[in-house]
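I have a structure here, written as structure tokens, and I will follow up with some questions on it.
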């Protein structure tokens, strides 16, 4: 019996040691101070859009995998696909945990291989699109800023697009202050079926990170009205073609819609309401410093939001009003301006920001630098501690 417990101790120690090793042996990063957006050139991602080309997309959702262990066990591939097609989605994306699901390949002309990376305690996850290789490694325990930056860097090498997933989902995961320094990612899941993350987005934008939005259901049961067609990404692309979808995502030609939820509504009724009431962006144009937004539904409320999440201008309308446009004159002190539109059914539309730059040749800032000295010092300390723990275990056993 003593020998059995000794071997069990070895197995448990080896497993915990493996998880710890992944967490510990990560480079230490030091970060430059960020530079907020500045300059005379205003970048408007919507300046030349064609309003007849919107593609309805979801990139984050789960199907039954790993024998139903992961959350998503109610969604078979066929059911998942057919439910989204019923709503009229152009692009149906599947992002199973740490696994590329190829079911849509051949069914969706815009098929994009992707997955949700992460199985750590704090739900520090990423939606990976255009996947070349699934990264199996994750940092299971507490993550420092260095852990988060290192993972973004590694995922960026293996995927066309890396989106920070539901950053405000768990307190202790991606912290708002993290977004001041994290770089080398292109998209943030600002709207998610479980939670929205405007504070994280404003922190990134206020510190000069040109990060565009994505909106996803994060579906786990497509047969529930509260789990499908809630948070929608509309991409301005002529065709449902992967390259065009990538281009629209990365160039900011996207809007996020938070569609009003009625938990008592039957699914067929929701489908009909979705097809009837979903709002579309007609245009969002700059004329000098004047920024004007036009939509297909009457506006109840409009907020133009700037650095640090401050409301620069707000417009409120009555039910008797028939207002479809809103304008804001961008001030020389405005580093960026993003827009949130609310309609009378309380659905909302979120636009990507207009940002300031020195020229049309945009260079996205990188703040991360590996400190090889501190990395070497910490790794030596870790190795010393591991050696002492092994000696202690051997003495006890």
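Would you please put 225-236, 362-373, 150-161 in order of how densely packed they are, using the mean number of other Cβ atoms within 10 angstrom per residue and starting with the highest?
So the peptides 225-236, 362-373, 150-161, ranked by packing, come out 225-236, 150-161, 362-373.
Most fluctuating residue of 176, 377, 211 in a GNM of the chain with Cα springs under 10 Å: which is it?
377
For the chain, what is the calculated [θ] at 222 nm in deg cm²/dmol (nearest 500), taking -39500 (n - 2.57) for each run of four or more DSSP H residues and dividing by its residue count?
-8500 deg cm²/dmol
When the chain is fully extended, how far beyond the present Cα-Cα distance does residue 47 get from residue 195, taking 0.36 nm per residue of separation?
The residue 47-residue 195 span can extend by a further 50.3 nm.
Can you tell me the orientation of helix 2-24 relative to the chain, as the angle in degrees between its alpha-carbon axis and the longest Cα principal axis, to the nearest 10?
So the helix axis and the longest Cα principal axis differ by about 40 degrees.
Taking a ≥ b ≥ c as the square roots of the Cα gyration tensor eigenvalues, with a/c under 1.5 meaning rounded and otherwise prolate when a/b beats b/c, else oblate, which class fits segment 250-290?
Numbers: a/c = 3.51, a/b = 2.92, b/c = 1.20.
The shape class here is prolate.
Something else now. Taking 7 Å along the Cα-to-C-beta vector as the label spot, tell me the residue 394-residue 177 distance in nanometres, rounded to one decimal.
4.2
Rounded to the nearest 10 degrees, what's the angle between the helix 242-251 long axis and the longest principal axis of the chain, both from Cα atoms, 0 to 90?
Orientation of helix 242-251: about 80 degrees from the principal axis.
Highest mean first, what order results for 198-205, 167-174 on Cβ atoms within 10 Å?
198-205, 167-174
In degrees between 0 and 90, to the nearest 10, how far off the longest principal axis of the chain does helix 372-396 point, with axes built from Cα atoms?
Result, in degrees: 50.
Okay, next question. Given points 7 Å out from each Cα along the Cα-Cβ axis, report the residue 82 to residue 275 separation in nanometres with one decimal.
Using points 7 Å along Cα→Cβ, the separation is 1.7 nm.
Given R₀ = 56 Å, what would the calculated FRET efficiency be for residue 322 paired with residue 370, taking r from the Cβ atoms and rounding to 0.05?
With a Förster radius of 56 Å, E is 0.45.
Taking a label point 7 Å from the Cα of residue 38 along the Cα→Cβ vector, which residues of segment 358-378 have an amide N closer than 18 Å to it?
358-367, by backbone N distance to the label point.
Going highest first, how would you order 306-312, 184-190, 22-28 by mean Cβ packing within 10 Å?
Output ranking for 306-312, 184-190, 22-28: 184-190, 22-28, 306-312.
So what is the relative contact order for segment 145-244, in percent, with contacts set as C-alpha pairs under 8 Å and at least six apart?
Contact order relative to length: 22 percent.
Quick check on the exposure proxy: order 87, 37 from fewest to most C-beta atoms within 10 angstrom.
By the 10 Å Cβ count, ascending: 87, 37.
Any read-out appearing in this document is the output of simple, stated calculations on the displayed coordinates, not a laboratory observation. Model, not experiment: these values are computed from the prediction. Methodologically, a virtual Cβ is constructed for each residue, glycine included, from the backbone with ideal geometry; neighbour enumeration extends over all protein chains shown.
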